[in-house]
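Reading through the structure tokens given below for one structure.
The values are calculated or read from the model by the stated rules, or taken from the named source; none is laboratory data. Quantities reported herein were computed from a predicted structural model and do not represent experimental measurements. Positions of Cβ are generated from backbone atoms using ideal geometry, with glycine treated the same way; all protein chains shown enter the neighbour counts.
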Amino acid sequence: MRLLGLDPGLRNTGWGIIEAEGNSLRHLANGAITSDASLDLSKRLVQLYEGLEKVIGDWQPDEAAVEETFVNKNPVSTLKLGQARGVSLLVPALHNLPVTEYAPNKIKKSVVGAGHAGKEQIHVMVGMLLPKCKISNEHAADALAVAICHAHYAGSNRALKGATFMAGGSH
């Protein structure tokens with residue numbers, strides 16, 4: 001299964017593509033979509049939209065996962081992040097991809113084993129879980145962590161649904 005992880009941001013939206021087969025993970029690509037801070041908000045959101053369209057078109061993921069909004073002290077920044085997050089949820093949905101959201105602590109716990117791990121720890125573990133992966137930048141590393149989290153939880157959820165179906169379907 002090919003998974004797209006997204007770390008939304010108005011300046012930079014990180015993305016990472018991994019292949020998950022059972023417990024095996026393989027890195028395919030990563031990067032960040034950057035919007036031009038000199039443009040107005042609507043044009044910056046179009047830049048994010050077009051960048052995500054290209055990533056999905058190029059890599060054809062089966063599912064997407066997005067990090068939930070981190071609330072800032074600055075309400076204007078939080079609102080802008082929410083709008084960038086909206087684009088990150090919208091574009092995969094327009095491609096009929098299932099989209100799952102994960103809280104930052106859940107992502108950290110699934111990648112590092114601790115819900116309050118620092119960014120450095122997360123980036124080191126992403127590198128260990130995806131050997132030979134050249135991480136473009138910190139936004140891409142965070143997006144790969146989202147994809148790894150989704151591989152872990154989505155696989156478990158699929159197994160549970162299958163087991164429930166099998167148990168309920170054999171009368």
Which is acidic (Asp, Glu), closer than 19 Å to Gly82 by Cα and either surrounded by 21 or more Cβ atoms within 10 Å (Cβ to Cβ) or under 16 Å from the mean Cα position of the chain (by Cα) (or both), of Asp7, Asp36? Asp7
Could you say which residue among Gly14, Gly115, Gly57, Gly86 is touching a helix residue (DSSP H, G or I) at 6+ places or on another chain (Cβ under 7 Å) and not in a strand (DSSP E or B)? Gly115
Close pairs (9 angstrom Cβ cut-off, 6 or more residues apart or separate chains): touching a residue at least 60 places away in the same chain (Cβ under 8 Å) in the stretch 45-63, part of a loop (DSSP other than H, G, I, E, B) anywhere: Asp62/Met1; Asp62/Leu97; Asp62/Pro98; Glu63/Met1; Glu63/Leu97; Glu63/Pro98
Being among the aliphatic types (A, V, I, L, M) and part of a helix (DSSP H, G or I) is the filter here; which residues of the stretch 36-54 pass it? Leu41, Leu45, Val46, Leu48, Leu52
Would you check if Ile33 is within 26 Å of Leu129 (Cα to Cα), in contact with a strand residue (DSSP E or B) (Cβ under 6 Å, 6 or more places away or on another chain) and either not charged (D, E, K, R) or not in a loop (DSSP other than H, G, I, E, B) (or both)? yes
Using the structure shown, decide if Glu19 is acidic (Asp, Glu), out of contact with any Cys (no Cβ under 9 Å at 6 or more places or on another chain) and surrounded by 15 or more Cβ atoms within 10 Å (Cβ to Cβ). yes
Only one of Lys161, Lys132 is on the phi > 0 side of the Ramachandran plot and modelled with pLDDT under 90, namely Lys132
